[in-house]
1. Suppose we filter the range 71-95 for residues that are charged (D, E, K, R) and in contact with a strand residue (DSSP E or B) (Cβ under 9 Å, 6 or more places away or on another chain); how many remain?
2. Could you list, in sequence order, the residues of the range 41-84 that are touching a residue at least 60 places away in the same chain (Cβ under 8 Å) and of a type in the set (Phe, Trp, Tyr)?
3. Scan the strands (runs of 3 or more DSSP E) fully inside the range 8-71 and keep the ones with 1 or more residues being within 30 Å of residue 151 (Cβ to Cβ), among the aliphatic types (A, V, I, L, M) and within 13 Å of the chain's Cα centre (by Cα).
4. Out of the residues in the range 90-114 that are at pLDDT below 80 and among the hydrophobic types (A, V, I, L, M, F, W, C), state the one that is nearest to residue 146 (Cα to Cα).
5. Among (1) of a type in the set (D, E, K, R); (2) under 30 Å from residue 11 (Cα atoms); (3) in contact (Cβ under 8 Å) with a residue 24 or more places away in the chain, where does residue 123 come up short?
6. Answer yes or no as to whether residue 133 is in contact with a Ser or Thr (Cβ under 6 Å, 6 or more places away or on another chain), modelled with pLDDT under 90 and crowded, with 16+ Cβ neighbours inside 10 Å.
7. Out of the residues in the range 72-89 meeting the condition of being within 19 Å of residue 133 (Cα to Cα) and in a loop (DSSP other than H, G, I, E, B), tell me which one is modelled with the lowest pLDDT.
Amino acid sequence: MAKEGSTVPVSGRLSVVWDDDSPSQIVLVIQDIRGQKLIEKALQQEIQRYRVFFQKAQEPMFIVTAQGTLVEVNDAWIRLLGYPPQEVLGLNVKTIMPEIVLAYAEPAETSSSDWETWLKKRDGSITTCLVTAITWASPEHTLLGHLFIVRNRREPQE
């Protein structure tokens, strides 16, 4: 409890001090974690903002791991490619982008690039598009994953 009488979030740790074979003391360490709780709340708000931005964006977007596994797609991606949400997560990106190459030996940093490609829809049809790939790398230059943004969709010319 704070000086003014309000409750304060705390973290506690209890230890028993033994003298021979019997407990002689109990040590309780309590730490005020208000700062940690404020940081957690701010982080949750950022995550919520990200979710709204990502899911409600008009452009299809998807995130894949360094190994090529789809881990997140937005609503526009679902509409474009026709996959039910329950089938999407865990798919290999080559299912929808057979020509993609994700192997970057040692990415120097987070970077982005654009290229024209085609995506394979669930029904087997093809849509041509411009894809922006944003590559995430750790400070140690380890590839972490990719965010793909799909733009300028158009059907292939006959």
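The values are calculated or read from the model by the stated rules, or taken from the named source; none is laboratory data. Just so it is clear, the structure is predicted and the values come from calculations on it, not from any experiment. Methodologically, a virtual Cβ is constructed for each residue, glycine included, from the backbone with ideal geometry; neighbour enumeration extends over all protein chains shown.
1. The total comes to 1.
2. 62, 77 - these are the residues of the range 41-84 that are touching a residue at least 60 places away in the same chain (Cβ under 8 Å) and of a type in the set (Phe, Trp, Tyr).
3. By residue number, 61-65.
4. Ranking the candidates gives 102 first.
5. It fails just one condition, (2).
6. For residue 133, the condition - in contact with a Ser or Thr (Cβ under 6 Å, 6 or more places away or on another chain), modelled with pLDDT under 90 and crowded, with 16+ Cβ neighbours inside 10 Å - is met.
7. Out of the qualifying residues, it is 89.
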